[in-house]
Amino acid sequence: MSGHDERTFVMIKPDGVQRGLIGEIVSRFEDRGLKLVGAKFMQIDEELAHEHYGEHEGKPFITSGPVFTMVWEGADATRQVRAMVGETDPAESAPGTIRGDYGLDLGHNVIHASDHEDEGANEREIDLFFDEEELVDYDLDTAAWVYEDH
């Protein structure tokens, strides 16, 4: 990971997986110039759901089907991803954002992304879902065309 890059956690929720949006969402982040360094297709059990979404305990939305978890890397990656994802409530999300384009309901808002205002959220969420050896450090050949000082 180069000095100006950071890693951020993203999860396509069960409703996004069921609607076949994995490829579209991954393409959006790639098109933006972010680098995928980890990905996992999995079913979240109750224990992991409680660790990740403790405030939503008892709500089955996150364990209702498989999810696609990812770690993306890039300059100011967390803020970049949050801008692309949109507001938590899809009705308040601008067209062009992932939730603005694909979400209609707060309970089915397609995607989760670490919050740049919650210090430590990225590391905590990445550590919950990925072991360090599952994250790949590599040079992305297109970086010179994304970053001016690369």
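FYI, it's all coordinate maths here, none of it is from the lab. On a predicted model such as this, the values are computed, not experimentally measured, just so you know. Neighbour counts are summed over all protein chains in view; Cβ atoms, including those assigned to glycine, are modelled from backbone coordinates with ideal geometry.
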>> Just to confirm my numbers, what's the Cα centroid distance between region 8-77 and region 109-127 in Å?
In response: 10 Å
>> Going by average Cβ density within 10 Å per residue, which order do the peptides 139-145, 113-119 take, highest to lowest?
In response: 113-119, 139-145
> Amide H to amide H, which residues 5 or more places from D76 or on other chains are under 5 Å from it, using H placed in the peptide plane?
Replying inline: E6
>> Considering all alpha-carbon pairs of the chain, what whole percent are spaced by more than 20 angstrom?
In response: 47 percent
> Just how large is the dipole of region 5-135 about the Cα centre, in debye to the nearest 20, putting +1 at every Lys and Arg Cβ and -1 at every Asp and Glu Cβ?
Replying inline: 660 debye
> Is the shape of region 43-131 rounded, prolate or oblate, going by the alpha carbon gyration tensor and its root eigenvalues a ≥ b ≥ c, with a/c under 1.5 for rounded and a/b larger than b/c for prolate?
Replying inline: oblate
> Tell me, in nm to one decimal, what length is gained between F61 and A121 on full extension, where the rule is 0.36 nm per residue of separation less the Cα-Cα distance?
Replying inline: 19.5 nm
> With r defined as the distance between the Cβ atoms of L36 and A91 and R0 fixed at 25 Å, what FRET efficiency is calculated, to the nearest 0.05?
Replying inline: 0.30
>> Could you tell me the relative contact order of region 40-117? Use alpha-carbon pairs under 8 Å, at least six residues apart, and round to a whole percent.
In response: 24 percent
> With labels modelled as points extended 7 Å from the Cα through the Cβ direction, what inter-label distance (nm, one decimal) is found for E132 paired with L104?
Replying inline: 4.6 nm
